[in-house]
């Protein structure tokens, strides 16, 4: 009887591990941009330009956890150069239950960066300039991703001592000494994984801080 019970326990453990492995594989994928997604992007995150074409981009599906301890589905459009890197990163974040509130295409917010940051959305590709400049953002190349954006704001200090915070409702999270949900810190799992895969973290910049931002510089 004891042997039977032990065998039954081992069977269920093996079955559970197999199911988890299958779900982990089926929930993460990379493909060329489907027609439906490409059409949805037009006039929002994508505008005709000489630098980034449809063939340069990839569509990712990922799974992520939140503080509700449930599995959620996410979508990412990124440069093909970092597609596998992001898939590896998000697989590990998911397996370790690293909390990410939502991962939606910026097109769902009509590519309005402030709106999606206020909603704590995680996203990658959006053809746009760096704010207040004529320089293309790494997001325009699909080589940057912003994680849990409300709680990890962009902060720039003016000469008069005042600060610019984006999103505007992210001001309570400028003080990085405080403890709160979704905060990215140097050395935490999110930071370590992006560093391992060759990304640069905006939270380490000197002239400004972009705590949500990770970008990849192709060699």
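The table that follows gives values for the structure above.
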| read-out | value |
| --- | --- |
| Folded to 0 to 90 degrees: helix 2-26 orientation relative to the chain principal axis, Cα | 30 |
| Segments 56-62, 140-146 sorted - mean Cβ within 10 Å per residue, highest first | 140-146, 56-62 |
| Shape of segment 95-164, Cα gyration tensor, a/c cut at 1.5 | oblate |
| Added length on full extension, which subtracts the Cα-Cα distance from 0.36 nm per residue, residue 128 to residue 26 | 33.5 nm |
| Contour excess over end-to-end distance, with Cα ends at residue 104 and residue 92 and 0.36 nm allotted per residue | 2.4 nm |
| Distance (nanometres) between label positions extended 7 Å along Cα→Cβ at residue 68 and residue 181 | 1.1 |
| 0 to 90° range, to nearest 10: angle between helix 83-95 axis and the chain longest Cα axis | 60 |
| Helix-only mean residue ellipticity at 222 nm for the chain, each DSSP H run of n ≥ 4 adding -39500 (n - 2.57), per residue, nearest 500 | -8500 deg cm²/dmol |
| Residues 197, 139 arranged by fewest to most Cβ contacts within 10 Å | 197, 139 |
| Three-way shape call for segment 25-216 based on the alpha-carbon gyration tensor, with the a/c threshold at 1.5 | oblate |
| Gyration tensor (alpha-carbon) shape descriptor, segment 55-118, a/c threshold 1.5 | oblate |
| In nm, spacing of pseudo-spin labels at residue 158 and residue 189 (7 Å Cα→C-beta vector) | 4.0 |
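Since every read-out is calculated from the coordinates, none of them should be taken as a lab result. For clarity, every value in this text was computed on a predicted model and none was experimentally measured. Here the Cβ is made from the backbone with ideal geometry for all residues, glycine too, and neighbour counts use every protein chain on show.
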